[in-house]
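**Q** Quick one: the structure is below, and I'll ask about it shortly.
What follows is calculated from the coordinates using simple rules that are stated; it is not laboratory data. Bear in mind that the values here come from a model prediction, so they are computed numbers and not experimental data. Glycine gets a Cβ as well: all are built from the backbone with ideal geometry, and neighbour counts include every protein chain shown.
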Amino acid sequence: MVELRSRSAPGGENKLDHQMSSDKNTDSEKKGVKGDVQNILVLLFLYILQGIPLGLAAAIPLILTNRNVSYKQQAEFSFSYWPFSVKLLWAPIVDSCFVKSFGRRKSWLVPIQYLIGVTMYVLSHNVNYYLGEPEPGAEEGATSEPREPNLTMLTAMFFFLNFLAATQDIAVDGWALTMLQKHNVGYASTCNSVGQTAGYFMGYVFFMALESYGYVTLPGFLKFWAVVFTIATTLVAVLKHEKEEDFSQHEDSEEIGDLGVVDTYKLLVSILKLGVMPATIAMLLTSKIGFAATDAVTGLKLVEKGVPKDKLAMLAIPMI
């Protein structure tokens with residue numbers, strides 16, 4: 001028995017060594033972004049597009065400051081940011097309703113981005129009117145009564161834009177989980193933070209700098225990004241294909257794969273009932289009360305005191 005074990009031991013060791021070496025090879029292959037570089041760039045670009053409406057919405061209050069708009073009206077415009085705060089309300093619908101033949105995420109991403117492009121194009125033809133700009137066809141020397149900015153329409157249009165951008169964020173976040181390899185899924189949050197910040201920078205700081213020096217106007221900037229959204233969405237729809245989601249390796253594969261809208265909302269409610277959630281929600285809702293007013297009004301006060309808008313927009317860089 002001892003001899004048999006001793007003779008069979010080398011063979012077993014060889015198999016064990018071979019298995020260990022193969023495991024090391026697979027571990028080494030899983031490290032790095034090889035095979036996911038293109039996917040990471042696609043995600044980064046989609047998140048950049050997502051930040052453009054947010055940046056433009058941040059630029060509007062600075063534009064309105066010199067048009068006799070009260071702080072109360074400025075506060076009303078801040079409602080346009082709300083979609084990103086409450087997107088959890090319709091996220092289960094985006095996650096559960098889709099056309100399987102077209103793709104779970106593309107079913108929402110493609111039409112939503114087309115809608116963003118169309119909305120920007122329509123807004124480019126009306127934004128000056130909403131801002132109270134004088135009629136472009138007015139004769140020189142003719143006196144015309146100044147019009148008050150239409151804050152209601154401005155708020156509604158940018159609320160709709162941010163609603164679409166928030167819905168696009170839901171779709172892209174979900175797509176990132178299947179677009180990237182499992183060991184690279186962590187890069188999705190990096191693409192989110194970097195891409196959205198870059199888009200916000202271009203829509204706010206970059207636009208305000210160009211607009212202050214007369215290189216671009218708000219209608220022209222909106223038209224440019226409307227074209228970019230249309231072209232980018234067409235390329236994604238035609239060239240980028242989704243991977244089929246595989247739930248077979250999950251313990252609750254049958255339940256996960258068949259979750260409908262109602263079941264998804266039930267799951268959301270069950271998560272909200274967790275013991276840690278009330279304290280977390282309370283902390284998030286009250287964390288910015290102490291400095292919200294200062295953060296919102298300081299920039300407007302500086303513009304009133306004569307600080308150029310492009311210089312003020314540059315202050316956002318260190319805060320980013």
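**Q** Sort the stretch 77-119 into rounded, prolate or oblate with this rule: let a ≥ b ≥ c be the square roots of the eigenvalues of the Cα gyration tensor; rounded if a/c is under 1.5, and if a/c is not under 1.5, prolate when a/b is larger than b/c, oblate otherwise.
**A** Verdict is oblate for the stretch 77-119.
**Q** Cβ under 14 Å from SER189's Cβ, SER189 left aside: what net charge do those residues give with Lys, Arg +1 and Asp, Glu -1?
**A** Numbers: positive: none; negative: ASP169, ASP173.
Net of charged neighbours comes to -2.
**Q** Too long at a 21 Å Cα-Cα cut-off: which of LYS87/LYS288; LYS106/LYS240; LYS34/LYS106; LYS34/LYS182?
**A** Cα-Cα > 21 Å for LYS34/LYS106; rest within.
**Q** Okay, moving on. Note the full-extension length gain between PHE224 and LYS72 as 0.36 nm times their separation in residues minus their Cα-Cα distance, in nm to one decimal. Each step should come with its number before you reach the end.
**A** Values: separation 152, 0.36 × 152 = 54.72 nm, distance 3.15 nm.
The span from PHE224 to LYS72 would gain 51.6 nm if fully extended.
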